[in-house]
Amino acid sequence: MSETSINQSILVTGVSSGIGKAIAERFLQENFLVFGSVRKTDDASELQNKFPGQFMPLIFDVTDEKEIHQSVKVVEERLNGKGLGGLVNNAGIAKGGPLIYMDPELIKKHFDINVMGVIRVTQAFAKLLGAEEHYSQIPGKIFNISSVSGVIANPFVGPYVGSKHALEGISGSLRRELVKFGIDVIIIGPGVIKTPIWKKSTDLSAYDQTPYKDSLNRFAKIVLEGIGKGLKPDEVANLIYKVFLKNHPKARYSIDPNRFRNWMVRFILPTKLVDRIMAKKLGL
């Protein structure tokens with residue numbers, strides 16, 4: 001199969017802003033048929049107006065199986081017998097705070113969206129991607145948006161870290177299972193991105209009465225400074241489009257402007273030493 005032999009349709013979850021919106025727009029610019037999930041109709045209006053007839057919004061929450069399966073019917077009807085070229089599991093949340101004071105329901109919500117949401121959507125659209133016997137079309141590709149937090153555990157984002165670690169493991173199992181159908185499963189692991197998800201994570205006022213108040217203020221400042229130096233969502237979108245065209249993509253791609261600090265140093269230095277460095281930086 002040549003790099004031009006591709007199915008020019010893709011589904012991206014969470015396209016209302018940030019990385020998801022940038023990915024959808026990148027593929028739309030290449031004349032793909034793009035399905036994008038949003039929770040409210042208004043969230044899709046900009047892409048609909050800019051790419052009429054080419055962008056199709058799907059109204060579903062990744063925690064709602066009924067809505068997801070209703071959207072499968074919409075996609076099937078629009079594809080009219082063709083398969084789905086790709087699925088980008090992008091929808092996710094990140095809320096900050098110390099684990100011992102965090103509401104267990106909020107922790108659970110991270111896993112429900114960031115992990116179970118990926119599973120629900122992947123299961124629902126698996127057949128359209130080619131997960132069935134005697135599939136006669138080109139199998140699709142699945143992209144799971146992880147994070148540097150899928151490998152490295154930073155403090156005060158425990159639920160996000162845990163959910164992304166889980167996503168990395170599940171993606172590996174899924175990749176090996178889907179070899180049977182020729183469907184690639186690719187993990188994308190960005191560093192800090194200039195996206196609203198991280199600004200939301202720095203609202204830590206709920207923990208002002210805990211012993212972590214000063215450390216959380218330092219943490220919020222570091223996160224906001226990091227966002228200013230972070231990647232643009234377009235950079236992640238460009239990487240995904242490039243990988244989508246590959247015949248034999250790697251299992252995981254990292255894109256991180258602070259690769260040496262975030263990866264090399266933390267894997268070279270002893271874990272306990274890194275703990276002490278982090279503790280000093282955050283006043284722990």
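Any read-out appearing in this document is the output of simple, stated calculations on the displayed coordinates, not a laboratory observation. As the structure is a computational prediction, the values presented were derived from the model and not from experiment. Backbone-built Cβ (ideal geometry, glycine too); neighbour counts: all protein chains shown.
Just Val72, Val38, Val12 to compare: in a GNM of the chain, with alpha carbon springs under 10 Å, which one fluctuates most?
Maximum among the listed residues: Val72.
Scan around Phe143 for amide H atoms under 5 Å from its own, H built in the peptide plane at 1.01 Å from N, and keep only partners 5 or more places away or cross-chain.
Leu87, Val88, Asn89, Ile186
Can you give the local net charge around Leu284? Use residues other than it whose beta-carbon is closer than 11 angstrom to its beta-carbon, Lys and Arg +1, Asp and Glu -1. Please list the in-between numbers first.
Numbers: positive: Arg218, Arg276, Lys280, Lys281; negative: Asp214, Asp275.
Around Leu284, the surrounding residues sum to +2.
How far is helix 158-177 tilted, in degrees, relative to the longest principal axis of the Cα atoms in the chain, given as a value from 0 to 90 rounded to the nearest 10?
30 degrees
For Ser136 and Lys281 in the same chain, what is the full-extension length gain: residue separation times 0.36 nm, less their Cα-Cα distance, in nm? Could you put the intermediate results ahead of the total?
Working: separation 145, 0.36 × 145 = 52.20 nm, distance 5.58 nm.
That pair, Ser136 and Lys281, stretches by 46.6 nm at full extension.
Using modelled amide H (1.01 Å from N, peptide plane; none on Pro or chain starts), what sits under 5 Å from the amide H of Phe35, excluding residues fewer than 5 places away?
Close amide H contacts, sequence-distant or interchain: Ile10, Leu11, Val12, Met56.
What does the charge dipole of the range 98-186 about its Cα centre add up to, to the nearest 20 debye, if the Cβ of each Lys and Arg holds +1 and the Cβ of each Asp and Glu holds -1? Walk me through the numbers before you get to the answer.
On the way: 9 positive and 8 negative charges, 21 e Å.
The calculated dipole for the range 98-186 is roughly 100 debye.
Set Lys and Arg Cβ to +1 and Asp and Glu Cβ to -1, take the dipole of the chain about its Cα centre, and tell me which of Pro270, Val179, Ile23 lies farthest positive.
Pro270
Here are some values of Cα extents along the principal axes in Å: (i) 58, 40, 31; (ii) 62, 42, 35; (iii) 66, 52, 38. Which one was computed from this structure?
Read-out from the structure maps to (i).
When a footprinting reagent is the concern and you count Cβ atoms within 10 Å, what order do Glu65, Glu225 take, fewest first? Mind showing how you got there, number by number?
On the way: Glu65 15, Glu225 11.
If I rank by nearby Cβ atoms, fewest first, I get Glu225, Glu65.
How charged is the neighbourhood of Glu177? Take every other residue with its Cβ under 14 Å from the Cβ of Glu177, and add Lys/Arg as +1 and Asp/Glu as -1.
On the way: positive: Arg175, Arg176, Lys180; negative: Glu132, Asp184.
Once all neighbours under 14 Å are counted, the net charge is +1.
With +1 on each Lys and Arg Cβ and -1 on each Asp and Glu Cβ, how big is the dipole of the chain about its Cα centre, in debye rounded to the nearest 20? Don't jump to the answer; show the numbers that get you there.
Values: 38 positive and 28 negative charges, 213 e Å.
For this selection, approximately 1020 debye.
Can you give me the C-alpha center-to-center distance between the range 53-69 and the range 16-36, rounded to a whole angstrom?
If we compute the Cα centre of each part, the gap is 15 Å.
Among Ser205, Ser147, Ser16, determine the one that fluctuates most according to a GNM of the chain built with springs between C-alpha atoms less than 10 Å apart.
Ser205
For Lys66, go through the lysines and keep the ones whose alpha-carbon is under 27 Å away, minus same-chain ones fewer than eight residues off.
Lys66 reaches Lys21, Lys40, Lys82, Lys95, Lys108, Lys109, Lys127, Lys141, Lys164.
Give the residue from Ile188, Phe125, Leu284 lying farthest towards the positive end of the charge dipole for the chain; charges sit on Cβ (+1 for Lys and Arg, -1 for Asp and Glu) and the dipole is referred to the Cα centre.
Leu284
Please identify which residues in the range 12-34 have an amide N closer than 17 Å to a label point set 7 Å out from the Cα of Ile59, following the Cα→Cβ vector.
Backbone N within reach: 14-16.
If I take every Cα pair under 8 Å that is 6 or more residues apart in the chain, average their sequence separation and divide by the length, what percent do I get for the relative contact order? Each step should come with its number before you reach the end.
Values: 466 pairs, mean separation 55.9, N = 284.
Rounded, it is 20 percent for the chain.
Between Asn154, Asn247, Asn80, find the one with the highest GNM mean-square fluctuation for the chain; connect C-alpha pairs within less than 10 Å.
Its mean-square fluctuation being the largest, the pick is Asn80.
List Leu128, Leu106 from most exposed to least, where exposure is judged by having the fewest other Cβ atoms within 10 Å.
Details: Leu128 22, Leu106 13.
By the 10 Å Cβ count, ascending: Leu106, Leu128.
For Arg176, Arg78, what ranking results if the residue with the fewest other Cβ atoms within 10 Å of its Cβ goes first? Before the final figure, lay out each step's value.
On the way: Arg176 11, Arg78 14.
Ranking Arg176, Arg78 by Cβ neighbours within 10 Å, fewest first, gives Arg176, Arg78.
Is any residue of the range 70-90 close enough, with backbone N under 16 Å, to a label point placed 7 angstrom from the Cα of Lys127 along the Cα-Cβ axis, and if so, which?
Inside the label zone: 70-84.
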